[in-house]
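The values are calculated or read from the model by the stated rules, or taken from the named source; none is laboratory data. None of these values were measured; they are calculated from a predicted model. Positions of Cβ are backbone-derived with ideal geometry, glycine not excepted, and every protein chain shown enters the neighbour counts.
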Amino acid sequence: MKLFPRALYSAALLAFTACAQANTDFSACPQFFAKAKPPVVKTQPKQRALCFDAFAILHSGESKTAVYVSQKLNRASVADADEKRKDKFYADSRLPLAERAQLQDYKNSGWSRGHMAPAGDMPTERAGPELFAGQHGAPGSQTQWRGMGQLR
């Protein structure tokens, strides 16, 4: 293999590896974790740390769902959780297309999307709509997701 093609191959392999590696850096939102430390989980390819206004997600591009969602609740944030919901799911553009849950993934599947962090706990106007990003939803039955709100 000549020098140029080998260098081109190496650059392409490095770019592919960088895209496939996990990004589990929550340094932009440590406030959502106990002692500012995210849980230690086995790193998998296509995992991505995503920070939002009121919660953080470790997303799996393999399953197109959250590995976990973390939020920090206190008396003030719960008291402030009176934002109006707008039940409109959307795909998060921060994720590669192949790793996003799309609205059509659920259509006629028998599954419903549910929130991993309760919508009723969102303390800001911006945080409520962020709950409807596709990577935050998890598959479940209508009965399951409707019943979860009754546990509060």
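Looking only at segment 2-27, filter to residues that are small (Gly, Ala, Ser) and modelled with pLDDT under 50; which one of those is nearest to Leu95 (Cα to Cα)? Don't jump to the end; show me each part of the working.
Restricting attention to segment 2-27, the residues satisfying the condition of being small (Gly, Ala, Ser) are 7, 10-12, 15, 18, 20, 22, 27.
Checking the rest, the ones that are also modelled with pLDDT under 50 come to 7, 10-12, 15, 18, 20.
Details: Ala7: 29, Ser10: 25, Ala11: 23, Ala12: 21, Ala15: 17, Ala18: 14, Ala20: 12 Å.
Per the criteria, the residue is Ala20.
So which residues in segment 72-112 are touching a Pro at 6+ places or on another chain (Cβ under 7 Å) and basic (Lys, Arg)?
Lys86 - this is the single residue of segment 72-112 that is touching a Pro at 6+ places or on another chain (Cβ under 7 Å) and basic (Lys, Arg).
With part of a helix (DSSP H, G or I) and either more than 23 Å from Thr24 (Cβ to Cβ) or within 12 Å of the chain's Cα centre (by Cα) (or both) as the only criterion, which of Gly128, Gly110 stands out? Full working, then the answer.
Numbers: Gly110 fails: part of a helix (DSSP H, G or I).
When all the criteria are applied, what remains is Gly128.
Can you tell me which residue within segment 94-107, out of those that are outside any helix (DSSP H, G or I) and without any contact (Cβ under 8 Å) to a residue 60 or more places away in the chain, is surrounded by the fewest Cβ atoms within 10 Å (Cβ to Cβ)? Steps first, answer last, please.
Initial filter on segment 94-107 (outside any helix (DSSP H, G or I)): 94-96, 100-102, 106-107.
Checking the rest, the ones that are also without any contact (Cβ under 8 Å) to a residue 60 or more places away in the chain come to 94-95, 100-102, 106-107.
On the way: Arg94: 13, Leu95: 19, Arg100: 19, Ala101: 24, Gln102: 13, Tyr106: 16, Lys107: 8.
My answer is Lys107.
Enumerate the strands (runs of 3 or more DSSP E) found wholly within segment 28-89, keeping only those where 2 or more residues are hydroxyl-bearing (Ser, Thr, Tyr) and either farther than 22 Å from Gln104 by Cα or modelled with pLDDT of 90 or more (or both).
Working: elements: 47-51, 56-60, 65-70.
Output list reads 65-70.
Which residue, of Glu125, Glu130, is at pLDDT 75 or above, charged (D, E, K, R) and out of contact with any Phe, Trp or Tyr (no Cβ under 6 Å at 6 or more places or on another chain)? Explain how you work it out, then say what you get.
Details: Glu130 fails: out of contact with any Phe, Trp or Tyr (no Cβ under 6 Å at 6 or more places or on another chain).
None of the other options fit; the residue is Glu125.
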